[in-house]
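Below: one structure, written as structure tokens.
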Amino acid sequence: MSNKYVMANFKMNKTDAEVEEYLNTFLPLVENINAKIILGVPFTSLKTAVTKTQNSNVMIAAQNMNENEKGAYTGEVSADMLKNLGVDAVIVGHSERRSNYNETDELVNKKILRGLKSGLICIFCVGETMYERKNQMTEQVLVRQITEGLKSVYANELKNIIVAYEPVWAIGTGVTPMDVEIVETVKVIRNILTSMYDEEISKEVVVTYGGSINEINCKEIGKFEGLDGALIGGASLMPEKFAKIINAFKPKATRKKA
Ligand code: PEP
């Protein structure tokens, strides 16, 4: 089985009926693709998505959850509720939540600890803004986000963490970093993980890239060294497009010697 993860973030798009229709088209397109696929659908479609993807190679993620176990938090959804529904993963620390809902590194950390405790894979988003990049602050920002976000996470829990490097300026803008910038930043992320854990452990952590991936640039991005997959927003909303992107991340067949 491939260890490449290709993940979708539908954001606040698609009614439940639309998610069902999407899956009717999508599942046959990807049933033979050797990649780990995770779809981040709205809360309202989690049940439908979990039911329809049973016995398939597709896992389902929520796009957010509350950091508390349970209680008087009107309108919120807990990690246990997600797990009980059959949800596999949760997106935590997405830049839209950090900027629109003031989610801090401390809150992201609480959500990660809660998600891990409930047995959810945490898709942990990190990345710098354009201002931070222009001011050579990328590494400093990533050090802060990763050390704070993974505080008190044990090495043996990292198998349930996917670090999604998503430069904020590349999300939904049609602009992507240069190839070398992605590869270099993934190295920076692994170095941070090495200083928190050790090199062997750091190599094993799944690190992906997200930000304006489409069915054209995925061909290059899919080949990047050290990159374990991708998180896709806009281009994941059309099943045919998303299936093409997933194909770019599957392992290449090795040619037999004559
Ligand atoms: C995202 O929001 O996580 C994302 C990667 O979006 P897009 O692909 O649209 O840039």
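Computed quantities for the displayed model
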quantity	calculated
Whole-Å distance, taken between Cα centres, linking the range 175-209 and the range 19-74	27
Global geometry of the chain, whether rounded, prolate or oblate, following the gyration tensor of its Cα atoms and the 1.5 cut on a/c	rounded
Cβ-placed point charges (K, R +1; D, E -1), dipole of the chain about Cα centre in debye, nearest 20	680
Karplus 3J(HN,Hα) series, Hz, for the range 41-51 with 6.51 cos²θ - 1.76 cosθ + 1.60 (x for Gly, Pro)	9, x, 3, 5, 10, 4, 4, 4, 5, 4, 5
Summed side-chain charge close to ASN247 - residues other than ASN247 whose Cβ falls under 10 Å, Lys, Arg +1, Asp, Glu -1	+2
Cα gyration tensor shape of the range 98-242, rounded if a/c is under 1.5, else prolate or oblate by comparing a/b with b/c	rounded
Average accessible area per residue (Å²) across the chain - probe 1.4 Å, nucleic acids and ligands excluded	50
Percent accessible area from carbon and sulfur atoms, the range 1-121, protein chains only, probe 1.4 Å	46
Span-like helix ranges in the chain, DSSP H, alpha carbon extent 15 angstrom or more, Kyte mean at least 0.0	16-30, 179-196, 239-249
Amide H contacts of ALA62 (H built 1.01 Å from N, under 5 Å, at least 5 apart or other chain)	ALA89, VAL90, ILE91
Farthest toward positive dipole pole in the chain [+1 Lys/Arg, -1 Asp/Glu at C-beta], among ASN68, VAL92, ASN191	ASN191
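The values are calculated or read from the model by the stated rules, or taken from the named source; none is laboratory data. Source: prediction; values computed, not measured. So basically every Cβ, Gly included, is an ideal-geometry build from the backbone, and we count neighbours across all protein chains shown. SASA here: full protein model, heavy atoms, side chains in, ligands and nucleic acids out. Shrake-Rupley method; radii C 1.70, N 1.55, O 1.52, S 1.80 Å.
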